[in-house]
1. Once R0 is set to 51 Å, what does the formula 1/(1 + (r/R0)^6) return for the Cβ-Cβ distance between residue 397 and residue 178, expressed as a FRET efficiency to the nearest 0.05?
2. Hey, rough spin-label estimate for residue 347 and residue 106, points 7 angstrom out along Cα→Cβ, what's it come to in nanometres?
3. If you rank 246, 204, 349, 154 by fewest surrounding Cβ atoms within 10 Å, what's the result?
4. Taking neighbour Cβ counts within 10 Å as the exposure measure, how do 340, 355 sort from fewest upward?
5. Tell me the net charge near residue 76. Cut-off is 14 Å between Cβ atoms, residue 76 excluded, with +1 for each Lys or Arg and -1 for each Asp or Glu.
6. Select one label from (i) 18.0; (ii) 24.5; (iii) 31.2: the one whose number is mean projected area of the Cα convex hull in nm² as derived from the coordinates shown.
7. Among the trypsin sites (Lys or Arg not before Pro) within segment 1-80, which fall in a DSSP loop and have no more than 12 other Cβ atoms within 10 Å of their own Cβ?
8. Pop a pseudo-label 7 angstrom from the Cα along the beta-carbon direction at both residue 94 and residue 154 and give the gap in nm to one decimal.
Amino acid sequence: MSAETRLAIMVDGEVRLLAPDDVIPAGLRTSALVRARIVDELTLQPVTRPAAVTPAGAAFDSPQARAAVNPRAATGGLVGLVGVAARALPSLRVVAYDVGIRVSAAGYLPAMATLSIGPQAQFPGQFAPVLLPDLLLHRAPVVLSGRTVVQGLTTTLPLPGAVISISGIWRTAPTQVLAPPALPPNIVAVHPPLYAAQAAATATLRQVTPVPDLLNDKRLLRAAPAGLRELALSNRVAIAVGDVLTLDGADPWRSESLVIAAINGATSPTDAAVVTLAHALRAGHRRDALVQRTDITAPGANETLALDAITGDTTLMVSNAVAFATGTIEVVDGGAAPQYHRLSTYTATSDADGYWSLPPLSRVAQVELRATHGAHPTITRAVVPEYPRREQRADFVFT
């Protein structure tokens with residue numbers, strides 16, 4: 001309390017002195033530090049599933065800073081961080097902090113957003129929290145698969161060689177009130193999933209040819225789990241910062257190629273070394289796994305994204321899917337290290353038993369599948385992906 005806040009009041013004919021507590025400065029009391037809302041990108045409605053929130057941004061790199069905030073999630077998709085600003089951001093009067101949140105919810109890919117806050121000249125007397133834009137959560141992918149058969153007089157038989165493709169997409173599901181026509185299927189699949197977010201305004205994609213160095217193989221000296229950026233290699237012969245390393249190149253589901261950000265090792269290149277990658281591994285790699293320097297050759301024409309992509313996306317919305325064929329693509333966004341992914345189109349051919357499967361699919365509310373086979377009439381059908389169900393079946397019966 002202070003003399004300025006004292007006031008005299010009359011109670012039962014007696015004058016009494018009232019001295020309320022001074023107002024606590026905004027930066028010294030518990031309040032919201034970061035606020036946001038999580039929204040389903042397909043429905044544009046708040047995500048109703050329970051969400052896990054963690055601090056993100058350079059401001060919370062230290063354990064002390066993370067301990068000064070408490071994550072919060074509420075109904076209506078509201079999420080954020082609560083704490084005392086003077087503890088979490090002590091130098092906000094003169095320093096700018098990068099603050100944000102990382103959010104995950106069942107059936108969705110994790111999403112992260114950060115913004116710069118400060119300097120705030122009146123801090124801690126005044127404090128303005130960060131209001132992040134809506135976080136558009138992307139659905140975890142589903143796999144569409146099924147069988148093609150031909151109907152005979154008394155039975156059905158497997159039909160190999162049928163071509164199944166996505167011939168149209170809807171970003172939002174048609175309704176009885178609003179039923180727009182399908183959009184062109186300008187989507188491609190990538191594996192491994194994206195290592196980092198890509199902005200449609202700045203990202204470029206081009207097809208390339210990877211050529212592994214077969215003369216200077218290396219081996220992992222210890223296992224490298226997913227999420228790791230450092231590799232212990234048997235040697236550093238013929239590699240330099242900026243080169244591309246491919247791990248487990250013979251395994252199409254585990255193989256990944258990443259740019260070298262730093263190398264630390266002994267004087268001799270033939271001795272063991274520790275390599276830091278530009279991005280964290282998406283897959284786990286066993287001890288003694290093969291590692292090869294990979295030269296990137298024969299770059300194709302630059303193509304663009306039609307929509308922003310986030311870390312973990314397996315489906316990319318592109319401006320022209322016809323420009324791509326199955327192979328390897330290089331993805332570059334500004335000055336960040338390039339990413340390399342194996343690209344597939346959403347087309348499959350049924351095998352000898354009639355079975356087919358498309359690459360993992362996300363970011364669409366409905367698709368049109370088309371099945372063709374020689375002289376048989378073409379079959380089309382609309383399929384609504386049943387997120388978050390991982391696998392979904394769609395069979396085609398030819399006559």
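1. Values: r = 31 Å, r/R0 = 0.61.
Here the calculated transfer efficiency is 0.95.
2. A separation of 3.9 nm, rounded to one decimal place.
3. Numbers: 246 19, 204 16, 349 13, 154 5.
Ordered by Cβ neighbours within 10 Å, fewest first: 154, 349, 204, 246.
4. Details: 340 22, 355 15.
Going from sparsest to densest Cβ surroundings: 355, 340.
5. On the way: positive: 35, 37, 49, 72; negative: 40, 134.
Its environment carries a net charge of +2.
6. The listed entry that was calculated here is (iii).
7. 6
8. For residue 94 paired with residue 154, the spin-label model returns 9.3 nm.
All of the numbers you see were taken from the coordinates with simple rules; none came from a lab. Computed from a predicted structure; not experimentally measured. Quick reminder, even Gly has a Cβ in these numbers, built from the backbone with ideal geometry, and neighbours come from all protein chains shown.
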